[in-house]
Amino acid sequence: MKEMGEGSLELGFRVRELTPTSAALALNPNLNLSSGLCALASTVFLALTVASPPGSHSAEPFRPHYHFTPERNWINDPNGLVFFRGEYHLFFQHNPFGDKWGHMSWGHAVSRDLVNWDELPIALPEADGLMIFSGSTVVDWRNTSGFGKDRQPPLVAIYTASRMADGRQAQCIASSTDRGRSWSKFPGNPVLDLASNNFRDPKVFWFEPAQRWIMVVSKAEERRIQFYGSRNLKQWTRLSEFGPAGSTNGVWECPDLFPLPIEGRPHQSAWVLVVNVGSGSPAGGSGTQYFVGEFDGQQFKNEKPPSTPGDALWADYGRDCYAAVSWSDIPKADNRRIWLGWMSNWEYAQDVPTAPWRNAMTIPRELSLRETIGGLHMIQKPAREPQRLRGRHYAFKGGTNAQANQWLGKANIISDSLEMFLELEPARSGQCGARVLKGPEEETILGFDEVASRVFVDRTHSGNTLFHKAFPGIHHAQTRMHDGRLTLHAFIDACSVECFVNGGEVVFSDLVFPSQPSRQLELFARASDASVHSLEVWTLKQAFRWHE
C-alpha cells in the first residue's frame with residue numbers, strides 16, 4: 001500500500017456531507033465501527049454519488065472485458081485474497097468517493113470461477129480517523145481467535161490501519177461470520193503496533209508444523225520484512241527479520257510468503273518471499289520482486305549468496321504489475337498457488353485516461369518454480385479458468401511469416417478482446433513477433449530480438465501515451481529459445497496486454513490506450529528465414545458484471 005497525496009475530486013456529482021461514522025454506515029450498515037485506536041477529530045467527507053448505471057463499452061472504450069475493475073472510482077492493491085465456501089474473495093484498496101488515491105477502504109468482490117465477479121458493498125470503510133491500508137484474510141478453521149459461532153469458522157481480516165492525523169500505521173483485525181458480507185472490528189485493536197509510520201501490509205497464513213499463524217509484514221522505508229507468530233491472531237511475537245536485499249531503490253510493500261512446487265521434481269518445493277517495491281523495477285517505477293529460499297517457521301533464508309545483494313528476481317518485466325499477492329485457503333484438492341496484481345504503476349496511476357473508474361487487476365495466474373541456468377525462477381501461467389471465455393477459435397498450422405499474415409487477412413480478426421498463442425521459429429538475426437491492437441497509426445509490439453536474446457513489448461505508438469511522460473516506452477527482458485522456438489501467450493483486452501513468454505518464464509503486463517480503429521492483429525519478421533510454427537487466436541467474451 002503506497003501512500004499518495006490526495007487529488008482533487010471531480011465536479012458534476014451530487015454532494016452530501018458525512019462524518020466518518022455516517023459515511024462508513026452509509027457504505028455498509030452492518031459494520032461494527034469499534035476500534036482500539038483512539039477516535040480522532042471528525043473529518044468531512046464529500047460523498048459523490050452517480051445515479052446513472054455504468055456506460056456501454058462505446059461510452060467507456062477502455063473498460064476491460066475480462067479484467068476486474070470496480071464499477072467506478074479508484075482502486076489499487078489487491079487485498080485479503082481468500083477462498084471460502086465456493087467463493088473467491090477479492091478485496092482491494094478503494095476510494096469510494098473519487099477516482100484518485102484517498103479515503104482508503106477495502107472494496108469487495110466475489111467470484112465462483114475467477115472470471116465473473118460480483119462487486120459487493122464496501123467491506124472495511126475508512127472510519128474514526130483511520131484509513132484501511134493493505135492486508136490479508138484467512139479462514140480461521142480452528143477458531144483460534146474465538147470469533148466463530150455456531151461451529152462455523154470465521155473469516156479474519158488482518159490489515160494496516162493508518163491514522164490520518166499523524167500517519168501512524170498499526171496492524172488490526174476484523175472478523176466476519178456471514179461469508180464476508182459484514183465485518184466487526186476487534187475491540188482490542190491494534191494487535192501489533194510499533195509506533196511507526198512505515199509498518200504495513202500484513203500477509204498472514206497458518207504454518208502447520210508449528211501450529212501457529214505467521215505474519216509477514218513490511219518495514220517499508222527500512223527495506224526490511226519482519227516475521228511474527230501468533231496462536232490466536234490477537235497476540236503476536238516477533239520471530240525474525242529479512243533484508244535489505246535485492247532491489248532496494250524503492251520502499252518495500254505488500255509482502256507474501258508461500259511454498260511452490262518445483263517442476264520436474266515430484267514432491268519437492270521451495271519457499272518464495274514476494275516483496276513489492278515502490279520504484280526501481282526493470283521497466284521503471286513500481287514492480288514485484290521475489291526471493292527463493294527456505295522458511296522453517298521462524299526465519300526465511302534466501303538461496304542467493306549474500307555477495308550478490310544487488311541481484312533481483314522480477315515477477316513481471318512490464319510496467320503494470322504491482323502489489324501481487326496470492327489467495328489463501330485454496331482447497332487441497334485444487335492445490336494451486338494463484339495470485340494476481342494491480343495493473344498500473346505508481347508513476348502515472350492517477351493520470352491514466354479512464355472514467356468513471358480508474359485502474360484494474362491482472363488476470364489470475366498459477367505459480368510454480370522452474371530450474372534455470374540462474375537457479376530456481378518463478379513461473380507464471382494464466383489460470384485455466386479464463387479459458388471458459390473463449391469464443392471463436394482461429395488456427396494457423398504453420399508456414400512463412402507472409403503466409404501467416406495472408407491467413408490473418410482472410411480471417412479478418414478485428415477485436416480488442418483476444419487470447420493469442422504464437423509459436424515462432426526466429427531468424428538467425430533480426431526481430432520477429434506480433435503487432436496487436438494495430439491501426440493506421442497505432443500498434444503495440446510483442447517481439448523477440450534474436451541477436452540480443454531478449455523479448456520486448458513496445459508501446460511507444462500504442463495509442464494515447466501523452467497523459468504522462470513516463471508512459472511510452474519499450475520494456476524488455478533476457479530470454480532464450482527452446483529447441484529453436486519461442487512462444488508468446490498473450491491476453492489482449494481493451495486497455496491492456498499481458499504476455500507470457502516460453503510457458504511463463506518471462507511475463508509482461510502493460511497498459512495501452514488505443515483508439516477505436518486499432519483492433520487488428522499482424523505478424524512481422526525482419527529476416528526471410530523466420531517462420532511461424534503455429535498460431536492460435538480466440539476471441540474472448542465479456543466476463544465482468546456489476547452487483548445489482
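So here's what we get for this one:
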quantity	calculated
Arg526, sole failed condition from (1) farther than 22 Å from Leu313 by Cα; (2) touching an Asp or Glu at 6+ places or on another chain (Cβ under 9 Å); (3) surrounded by fewer than 23 Cβ atoms within 10 Å (Cβ to Cβ)	(2)
Of residues in the range 415-431 being modelled with pLDDT under 95 and not charged (D, E, K, R), the one most open to solvent (accessible area, probe 1.4 Å)	Ser429
Selection status of Ala47, modelled with pLDDT of 95 or more, of a type in the set (A, V, I, L, M, F, W, C) and more than 17 Å from Ala161 (Cβ to Cβ)	no
Check on Ser534, surrounded by fewer than 20 Cβ atoms within 10 Å (Cβ to Cβ) and over 19 Å from Phe421 (Cβ atoms)	no
Those residues of the range 220-229 which are outside any helix (DSSP H, G or I), touching a Phe, Trp or Tyr at 6+ places or on another chain (Cβ under 6 Å) and over 14 Å from Asp256 (Cβ atoms), in sequence order	Arg223, Tyr228
In the range 206-219, the residues that are within 14 Å of Asp296 (Cα to Cα), in a strand (DSSP E or B), open to solvent by 10 Å² or more (accessible area, probe 1.4 Å) and not aromatic (Phe, Trp, Tyr)	Arg212
For Gln387: the one exception among (1) more than 26 Å from the chain's Cα centre (by Cα); (2) over 30 Å from Gly284 (Cβ atoms); (3) among the polar types (S, T, N, Q)	(1)
Test: residue in the range 409-422 that is without any contact (Cβ under 8 Å) to a residue 60 or more places away in the chain, at negative phi, of a type outside the set (Gly, Ala, Ser) and touching a strand residue (DSSP E or B) at 6+ places or on another chain (Cβ under 9 Å)	no
Qualifying residues in the range 329-363 (those that are open to solvent by 10 Å² or more (accessible area, probe 1.4 Å) and in contact with a strand residue (DSSP E or B) (Cβ under 6 Å, 6 or more places away or on another chain)) - the one farthest from Lys100 (Cα to Cα)	Arg336
Inter-residue pairs, beta-carbon under 9 Å, first within 20 Å of Phe207 (Cα to Cα) and in the range 281-298, second among the basic types (Lys, Arg) and open to solvent by 10 Å² or more (accessible area, probe 1.4 Å), 6+ apart	Phe291/Lys304; Val292/Lys304; Gly293/Lys301; Gly293/Lys304; Glu294/Lys301; Phe295/Lys301; Gly297/Arg212
Strands (runs of 3 or more DSSP E) wholly inside the range 440-517 containing at least 3 residues that are open to solvent by 10 Å² or more (accessible area, probe 1.4 Å)	454-458, 474-478
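The values are calculated or read from the model by the stated rules, or taken from the named source; none is laboratory data. Just so it is clear, the model here is predicted, and its values are computed rather than measured. Glycine gets a Cβ as well: all are built from the backbone with ideal geometry, and neighbour counts include every protein chain shown. SASA here: full protein model, heavy atoms, side chains in, ligands and nucleic acids out. Shrake-Rupley method; radii C 1.70, N 1.55, O 1.52, S 1.80 Å.
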